[in-house]
Amino acid sequence: MNIETLREYCLKKEGADESFPFGDDTLVFKVKGKIFLLAGLDSQPLQFNVKCNPEKALELRENYSCVIPGYHMNKKHWNSIMVDGSVNDRLLKEWIDDSYNLVKGK
């Protein structure tokens with residue numbers, strides 16, 4: 001997955017929009033005015049933050065080396081994902097979907 005694939009996937013979600021509220025290097029996706037994904041445009045490899053329920057956040061960190069506590073975020077509810085090739089796009093999309101659904105549901 002690259003930044004364009006990530007962007008296209010997020011924008012296909014109902015009610016999703018993109019903005020740069022934190023500067024030109026951080027792409028933010030929201031639904032209902034709430035953030036569900038942040039991506040650093042200068043990150044190599046690509047890195048993004050997604051919201052996660054606290055129990056699952058811990059489980060993912062324990063099972064996947066590419067998942068760490070959310071950078072600059074509430075570590076209980078956010079994970080940072082390094083797109084380093086260690087997991088496939090299907091799994092990355094599942095984590096994006098989980099974040100979107102958590103935020104949209106509120």
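Close amide-amide hydrogen proximity is noted between Ala16 and no other residue 5 or more places distant or on a separate chain, at a cut-off under 5 Å (H modeled in the peptide plane; Pro and chain starts excluded).
Couplings for the range 57-64, taken from phi via the Karplus curve 6.51 cos²θ - 1.76 cosθ + 1.60 with θ = phi - 60°, read 4, 5, 4, 5, 5, 6, 9, 10 Hz in order; Gly and Pro are left as x. Here the 3J(HN,Hα) profile of the range 68-84, calculated from phi with Karplus coefficients 6.51, -1.76 and 1.60 at θ = phi - 60°, is 10, x, x, 5, 6, 10, 5, 5, 6, 10, 10, 10, 9, 10, 8, 8, 10 Hz, Gly and Pro shown as x. Counted by Cβ distance under 13 Å from Gln44, the other residues give a net charge of -3, where Lys and Arg count +1 and Asp and Glu count -1. A crude spin-label estimate for the pair Lys93 and Leu11, with each label 7 Å from Cα along the Cβ direction, gives 1.8 nm. Calculated accessible area for the chain comes out at 56 Å² per residue, all protein chains present (probe 1.4 Å; ligands, DNA, RNA ignored). Here the chain has 49 percent of its accessible surface on carbon and sulfur atoms, given a 1.4 Å probe and all protein chains in place. Here the relative contact order of the chain, from alpha carbon pairs under 8 Å that lie six or more residues apart, stands at 23 percent.
With runs of 4+ DSSP H residues as the only contributors, calculate the mean residue ellipticity of the chain at 222 nm using -39,500 (n - 2.57) per run, divided by the residue total and rounded to the nearest 500. Walk me through the numbers before you get to the answer.
Numbers: 3 runs with 35 residues, N = 106.
Computed ellipticity for the chain at 222 nm equals -10000 deg cm²/dmol.
Radius of gyration over Kirkwood radius for the chain, both on Cα atoms: the Rg/Rh ratio is 0.92. When the GluC sites (Glu not before Pro) in the range 1-31 are filtered for DSSP coil states and for at most 11 other beta-carbon atoms within 10 Å of their beta-carbon, the remaining sites are Glu14.
The values are calculated or read from the model by the stated rules, or taken from the named source; none is laboratory data. Note that the coordinates shown come from a computational prediction; the quantities given were computed from them, not determined experimentally. Glycine gets a Cβ as well: all are built from the backbone with ideal geometry, and neighbour counts include every protein chain shown. Side chains are part of the model used for accessible areas, which takes the heavy atoms of the whole protein and leaves out ligands, DNA and RNA. Shrake-Rupley method; radii C 1.70, N 1.55, O 1.52, S 1.80 Å.
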